[in-house]
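Here is the structure we will look at.
The values are calculated or read from the model by the stated rules, or taken from the named source; none is laboratory data. None of the values given here were measured: they were computed from a predicted structure. Positions of Cβ are generated from backbone atoms using ideal geometry, with glycine treated the same way; all protein chains shown enter the neighbour counts.
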Amino acid sequence: MRKLAVEFKDFLLGGNLVSTAVALVMALVFTTLVKALVADILTPIVALIFGQPSFQSLSFTINSSHFLYGDFINDAVTFIVTGFALFLFVVKPYSRFAQDDAPATKNCPECTSEIPLAATRCPQCTAAIAI
C-alpha cells in the first residue's frame, strides 16, 4: 500500500501532470479572453460592415419547414474571426518570438561540413575560413 501511495504522489507531482493542469487553466482563461475579443470588439466591427451584429433572425421556409440559416452564418463568422484573431494576435507574435535571430553554424566553403559561426578554420578539412 505504501508503494502505491508513493507512485500516486509521483504521478500527481510529476512534471507532465502539473504542466498539463497549468496549460488547461491557461487555455480556459484564454478562451474567455478570445470570446470577449470577438463579442465586444470584432462583432461590432462586423455590425458596422453588414449593418447588424447578429444574423440569427435570418431564415427561410420551404413546405412548412423553417430553416434558420442565420445561426450557421453567426457561427461561421465567429469561427473565421476567431481564427483570424488567434493567427494575428497569438501565432504571428509567437513565431516571431520563438524564431532564432541568427543561425549558430555555417557551412565550410571547401568541404561543406557544418562549423560554428565563430570558427576561423574548418575542423574537418582544416581550410582557413574568412570571417
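Do we find that VAL18 is assigned by TED's automatic domain parsing to the domain that holds ASN74, within 18 Å of VAL91 (Cβ to Cβ) and among the β-branched types (Val, Ile, Thr) in this structure? Here the answer is no, as VAL18 does not meet what is asked.
Any residue at all in the range 89-97 that's at pLDDT 85 or above and either out of contact with any Gly (no Cβ under 9 Å at 6 or more places or on another chain) or among the aromatic types (Phe, Trp, Tyr) (or both)? Full working, then the answer.
Taking the range 89-97 as the starting set, the residues that turn out to be at pLDDT 85 or above are 92-93.
Now restrict to residues that are either out of contact with any Gly (no Cβ under 9 Å at 6 or more places or on another chain) or among the aromatic types (Phe, Trp, Tyr) (or both): 92-93.
Within the range 89-97, one or more residues are at pLDDT 85 or above and either out of contact with any Gly (no Cβ under 9 Å at 6 or more places or on another chain) or among the aromatic types (Phe, Trp, Tyr) (or both).
Name every residue in the range 58-92 that is aliphatic (A, V, I, L, M) and within 30 Å of the chain's Cα centre (by Cα), in order of residue number. Within the range 58-92, ILE73, ALA76, VAL77, ILE80, VAL81, ALA85, LEU86, LEU88, VAL90, VAL91 meet the criteria.
Here ILE115 meets each of (1) under 26 Å from the mean Cα position of the chain (by Cα); (2) β-branched (Val, Ile, Thr); (3) part of a strand (DSSP E or B) with one exception, condition (1).
Determine which member of the set PHE97, PHE72 is surrounded by 12 or more Cβ atoms within 10 Å (Cβ to Cβ) and not hydroxyl-bearing (Ser, Thr, Tyr).
Values: PHE97 fails: surrounded by 12 or more Cβ atoms within 10 Å (Cβ to Cβ).
Testing whether each residue is surrounded by 12 or more Cβ atoms within 10 Å (Cβ to Cβ) and not hydroxyl-bearing (Ser, Thr, Tyr) leaves just PHE72.
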